[in-house]
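The values are calculated or read from the model by the stated rules, or taken from the named source; none is laboratory data. Computed from a predicted model, the values in this text were never measured in an experiment. Note: ideal-geometry Cβ built from the backbone for every residue, glycine included; neighbour counts use all protein chains shown. Each accessible area value is taken on the protein alone, full model and side chains, heavy atoms only, with ligands, DNA and RNA left out. Shrake-Rupley method; radii C 1.70, N 1.55, O 1.52, S 1.80 Å.
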Amino acid sequence: MPRASLEKHPREVASMFDGIAERYDLVNDLVSLGQDRRWRRLVRAAVAALPGEKVLDLAAGTGTSSEPFELDGAWVVPSDISLGMLTVGKRRRPDLPFVAGDATALPFADGAFDAVTISFGLRNVVDTAGALREMLRVVRPGGRLVVCEFSTPTWGPFRTVYLEYLMRALPVVAGAVTRDKGSYDYLAESIRSWPDQAGLGRLMLDAGWERVAYRNLTGGIVALHRASRPA
């Protein structure tokens, strides 16, 4: 299977995720030791979608992250750059309106959504700042953003152990399931090179979001950032 480079060319990233789409959800559950389910619950609570609200779920993959918003009564649009992910998602969840889209050039009107969320996908976008500005554009004034992404563990000794696991064990474990170690080598590298909690917060502020705050999950392995579009 092809793997992307850290330049994150959209075609490379899409092709890489096409190749691991069938087992992607299984591998996430495996390598996170089930923590991904808790993280999704916390994203759902942070978005706090109300019945009838419109929610854009970016980097939605197969729609696993989108289903909770539908259960809350919101109208959710799962969007992803990988057609392979969308194909698997549509087969498993035919009721969801999957849309192919690049986070840096979203195919939606200005102010079309009440909330936008992206989980474990922002670091794979070629232009982080551009994507954050696009999210701002498609959310109504006063609307909200929730970003769930891998981050930097807060305790030094644990951070060292985590980085060793990330760079060595994760690609091996995931590769054994998907038979595609190369893609998970990239994913490990992309996590390690991603900004820390405060760094991502500054990028959000620079893109025009306000009331930016974050919460560490699982000791900072993951950070949950929230922000609002100025009213």
Self-check item: the range 1-54: number of residues that are open to solvent by less than 50 Å² (accessible area, probe 1.4 Å), of a type in the set (D, E, K, R) and modelled with pLDDT under 95
Solution: 4
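Inspect the range 112-119 for any residue being open to solvent by 10 Å² or more (accessible area, probe 1.4 Å) and part of a loop (DSSP other than H, G, I, E, B) and give the result as yes or no.
First, the residues of the range 112-119 that are open to solvent by 10 Å² or more (accessible area, probe 1.4 Å): 112, 114, 119.
The next check asks that each one be part of a loop (DSSP other than H, G, I, E, B); those that pass are 112.
Yes: the range 112-119 contains one or more residues that are open to solvent by 10 Å² or more (accessible area, probe 1.4 Å) and part of a loop (DSSP other than H, G, I, E, B).
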Quiz item: Do you know which residues across the range 120-155 are under 16 Å from Asp36 (Cβ atoms) and not in a helix (DSSP H, G or I)?
Solution: Phe120, Gly121, Val146, Val147, Cys148, Glu149, Phe150, Ser151
Quiz item: Are any of the residues in the range 202-218 at pLDDT below 95 and outside any helix (DSSP H, G or I)?
Solution: no
Practice problem: Among what's in the range 55-68 and is in contact with an Asp or Glu (Cβ under 7 Å, 6 or more places away or on another chain) and crowded, with 23+ Cβ neighbours inside 10 Å, pick the residue that is farthest from Gly142 (Cα to Cα). | Solution: Thr62
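Out of Arg168, Arg92, Arg144, Arg123, report the one residue that is closer than 30 Å to Ser228 by Cα and open to solvent by 30 Å² or more (accessible area, probe 1.4 Å).
Numbers: Arg168 fails: closer than 30 Å to Ser228 by Cα; Arg92 fails: closer than 30 Å to Ser228 by Cα; Arg123 fails: open to solvent by 30 Å² or more (accessible area, probe 1.4 Å).
Testing whether each residue is closer than 30 Å to Ser228 by Cα and open to solvent by 30 Å² or more (accessible area, probe 1.4 Å) leaves just Arg144.
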Self-check item: Residue check for Gly73: open to solvent by less than 30 Å² (accessible area, probe 1.4 Å) and either more than 29 Å from Tyr162 (Cβ to Cβ) or at pLDDT 95 or above (or both)
Solution: no
Practice problem: For residues that are touching a residue at least 24 places away in the same chain (Cβ under 8 Å) and open to solvent by less than 40 Å² (accessible area, probe 1.4 Å), scanning just the range 153-165, find the one that is nearest to Ala198 (Cα to Cα). | Solution: Pro153
Quiz item: How many residues are at pLDDT below 95 and hydroxyl-bearing (Ser, Thr, Tyr) if we restrict to the range 105-148?
Solution: 0
Quiz item: Going by the structure shown, is Arg229 within 30 Å of Ser15 (Cβ to Cβ), open to solvent by 60 Å² or more (accessible area, probe 1.4 Å), in contact with an Asp or Glu (Cβ under 9 Å, 6 or more places away or on another chain) and modelled with pLDDT of 95 or more?
Solution: no
Exercise. Give me a count of the residues in the range 51-100 that are touching a strand residue (DSSP E or B) at 6+ places or on another chain (Cβ under 8 Å) and not charged (D, E, K, R).
Key: 26
